[in-house]
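The values are calculated or read from the model by the stated rules, or taken from the named source; none is laboratory data. What you are looking at is a predicted structure, and each value in this text was computed from that prediction instead of being measured. As a convention, Cβ positions derive from the backbone with ideal geometry for all residues, glycine included, and neighbour counts pool all protein chains shown.
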Amino acid sequence: MEVFDAPSRYYPSDSLSLDELAYWVAFTRILGIGPVRFKLLLDYFHEDVSTAWKADSKELARAGLDQKIIESFIKQRASSNPQQELEKLERLRVQVITIKDKEYPPLLKEIYNAPSVLYVAGTLKKEEDQFAIGVVGTRKVSTYGRQATEQFARELAQGHVTVVSGLAHGIDTIAHTTALDAGGRTIAVMASGLDIIYPLENVGLARRI
């Protein structure tokens, strides 16, 4: 499903080859291999993600993965095609930014379990997004909650602070919309992924963002 009318600034990673990037993307699709375990693999295999992806159970155990995770990974790996995953992102016009790239947000990189890969529709602006505040809350909004959210989001946007929320019903939608209406910048961090906009009625808002 193509959600975004205008093409995102898709380009391959500035620090990885396309082959390497395909494996980075594939690892993010493996349940049980989050940023911390992925870093274990990177360290053990000297950042050779292709070798890490193809490793047998003994090598994965030496890298620090427990048996349950190893079995799950090998099973999921068998039905995954890294190159196809990357091609799908290009079709969807999604930009791929790894933690090794200069575009990766510097403040996000400082947390313990920083995501190894970010998927972006639109553009990240490191200069502007240094000043960002998350605005989240209930999906069932009271009159006061709506008014307060509109006031906060408007004043943040007018003060050149990026408003970050999750594109959900309620507070999230109000925060995004108000920031845009005020001429500000907003970022939606989406739990469902960029290929599945949820709730469906926020497809228009996603395009606008």
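Below is a table of values for the structure above.
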item	result
Residue satisfying all of: in region 120-133; farther than 12 Å from residue 157 by Cα and of a type in the set (Gly, Ala, Ser); surrounded by the most Cβ atoms within 10 Å (Cβ to Cβ) among these	121
Total residues in region 62-110, condition modelled with pLDDT of 95 or more and basic (Lys, Arg)	4
Residue within region 54-77 that is in the same structural domain as residue 111 (by TED's automatic domain parsing), of a type outside the set (A, V, I, L, M, F, W, C) and within 22 Å of the chain's Cα centre (by Cα) present	yes
Those helices (runs of 4 or more DSSP H) lying entirely in region 89-189 with at least 2 residues aliphatic (A, V, I, L, M)	106-109, 143-158, 171-181
Counted residues, region 78-119 - those being of a type in the set (Gly, Ala, Ser) and buried (at least 18 other Cβ atoms within 10 Å of the Cβ)	1
Residue 114 closer than 20 Å to residue 162 by Cα, in contact with a helix residue (DSSP H, G or I) (Cβ under 7 Å, 6 or more places away or on another chain), among the small types (Gly, Ala, Ser) and at pLDDT 90 or above	yes
Members of region 25-59 that are within 18 Å of residue 99 (Cβ to Cβ), among the hydroxyl-bearing types (Ser, Thr, Tyr) and either without any contact (Cβ under 8 Å) to a residue 24 or more places away in the chain or not in a helix (DSSP H, G or I) (or both)	44
Verdict on residue 66 being in contact (Cβ under 8 Å) with a residue 40 or more places away in the chain and either charged (D, E, K, R) or in contact with a Pro (Cβ under 6 Å, 6 or more places away or on another chain) (or both)	no
Filter result (free of Cβ contacts under 8 Å to residues at least 24 places away in the same chain and surrounded by 13 or more Cβ atoms within 10 Å (Cβ to Cβ)) within region 140-169	148, 152, 155
